[in-house]
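Below is one structure; the comments refer to it alone.
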Amino acid sequence: MSGIYIHIPFCKQACSYCDFYFVTRTSEREHFVERLVEDIKSYRDSRFARERVETIYFGGGTPSLLEPAQLEQIMKALYDVFDIGEQEITLEMNPDDVSAPFLADLKSLGISRASMGVQSFEPDLLEFMHRAHSSEEALQCLELLSASDFNSFTVDLIYGNPGQSVEQLERDVKKLLEFNPPHISAYSLTIEPKTRLGKQVELGRIAPPEDDKVAKHFDIINQLFSSQGIERYEVSNYSIPGKEAIHNSNYWEHENYLGLGPGAHSFWWDDKAERWENEKDLRKYLRDEDHPEKEVLSLKQLAEERLMMGLRTKKGVRVAELSEQYDYELSDRQLNYLENREQEGKVNVDERIILTDEGIKIADAIILDLVTLH
Ligand code: SF4
């Protein structure tokens with residue numbers, strides 16, 4: 001079983017916090033689609049085409065900047081080359097691109113899951129984040145989505161914005177919950193150095209969000225979502241039972257995936273485990289000049305990765321899986337560390353290592369400590 005990730009590297013404008021790869025030269029979309037279709041065809045009869053593809057994820061950038069006819073060309077090429085099982089086909093979209101006919105077209109192309117980048121309904125926060133859509137467009141797209149045939153969709157929300165009050169956060173969450181979303185990704189705003197926001201923080205014009213405030217926002221989100229039966233199953237991901245994202249869950253469990261498009265990542269583990277990242281350069285991609293080097297991963301690296309990804313999930317990591325799949329035994333120092341964190345109420349260790357709600361708030365620190373103690 002495997003997944004395919006397709007990176008559509010176009011955006012209308014740069015959001016202030018974003019460090020994904022994208023360009024704002026949307027005039028190259030047609031050329032990009034032609035090249036992507038060629039790229040997909042180059043995998044015909046390859047080892048990647050022999051494994052059944054259960055999930056496809058169109059991410060970006062902004063996949064909703066492509067026309068339905070362009071998406072149709074891409075889907076057709078995928079079906080021609082790969083054995084597609086259709087468990088889940090997700091497409092990220094921004095509210096300002098969505099209309100009822102657009103959603104109907106996507107559905108008829110076989111897209112089964114819509115991922116809506118709302119982030120906030122508050123006008124001043126949308127402006128601060130330099131989002132291309134308005135508060136009204138955010139509400140309207142959710143109304144359209146609710147009235148559409150998409151019974152599986154997810155909405156992105158950002159919290160922990162500098163200057164974001166608790167009242168604003170509660171308003172955002174309550175407004176979103178009115179639409180009964182089956183899945184929500186709620187991200188704490190991170191300040192990335194090369195972004196507009198990162199530069200402003202570096203220049204001292206904006207203070208980064210305080211840890212206490214972010215932790216409080218996290219608690220509010222957990223509590224409000226949970227009151228509507230939407231439970232956290234990963235640090236930033238929440239769903240009603242049975243609507244967890246399959247594509248992303250497969251990443252965390254080391255299923256294979258092939259990334260297409262500039263900046264896309266791939267991971268493939270058959271006789272050896274390899275990871276590679278396409279160059280973040282649209283021009284090179286268009287000229288077929290990007291041939292990324294593959295990094296071969298050792299079992300120890302894989303075990304550490306599994307801990308890093310798995311401990312961020314509600315299921316945690318099965319202790320026996322570490323030895324069975326990765327030939328990795330927890331050291332005495334690691335076991336001691338886990339015992340101490342367990343006494344503090346941050347970790348539960350039984351057949352599985354699972355971070356508690358308190359532990360999840362400092363997941364990155366716990367995981368880093370644990371991995372370095374091997
Ligand atoms: S729309 Fe998405 S990918 Fe594009 S700049 Fe904004 S956050 Fe980044």
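The values are calculated or read from the model by the stated rules, or taken from the named source; none is laboratory data. Quantities reported herein were computed from a predicted structural model and do not represent experimental measurements. We place every Cβ from the backbone using ideal geometry, glycine too, and count neighbours over all the protein chains shown. Accessible surface areas use protein heavy atoms only, side chains included; no ligands, DNA or RNA. Shrake-Rupley method; radii C 1.70, N 1.55, O 1.52, S 1.80 Å.
What the table below lists for this structure:
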quantity	calculated
Residue check, Arg44 open to solvent by 70 Å² or more (accessible area, probe 1.4 Å), under 20 Å from Asp288 (Cα atoms) and not polar (S, T, N, Q)	yes
Matching residues, the range 18-32, being in contact with a Gly (Cβ under 9 Å, 6 or more places away or on another chain) and near the ligand (Cβ under 7 Å from one of its atoms)	Phe20, Phe22
Residues of the range 286-324 that turn out to be in a helix (DSSP H, G or I) and surrounded by 16 or more Cβ atoms within 10 Å (Cβ to Cβ), as a count	13
Any pair with Cβ under 6 angstrom, 6 or more apart, that starts in the range 104-127 at a residue that is over 18 Å from Ser146 (Cα atoms) and ends at one that is within 13 Å of the ligand (Cβ to nearest atom) and outside any helix (DSSP H, G or I)	Leu126/Ser120
Residue that is open to solvent by 10 Å² or more (accessible area, probe 1.4 Å), within 20 Å of the chain's Cα centre (by Cα) and assigned by TED's automatic domain parsing to the domain that holds Ser16, where the choices are Gln87, Gln70	Gln87
Some residue of the range 265-277 being closer than 25 Å to Ala365 by Cα and in a helix (DSSP H, G or I)	no
Selection count, the range 100-134, where residues are part of a helix (DSSP H, G or I) and within 16 Å of the ligand (Cβ to nearest atom)	4
Test result for Arg29, outside any loop (DSSP other than H, G, I, E, B) and touching a helix residue (DSSP H, G or I) at 6+ places or on another chain (Cβ under 6 Å)	no
Test: residue in the range 53-62 that is crowded, with 18+ Cβ neighbours inside 10 Å, among the aliphatic types (A, V, I, L, M) and away from the ligand (no atom under 16 Å from the Cβ)	yes
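Yes/no matrix, rows are residues, columns are (1) closer than 22 Å to Asp211 by Cβ; (2) in a loop (DSSP other than H, G, I, E, B); (3) in the same structural domain as Ser236 (by TED's automatic domain parsing):
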site	(1), (2), (3)
Tyr328	no, yes, no
Glu342	no, no, no
Asn348	no, no, no
Ile354	no, no, no
Leu368	yes, no, no
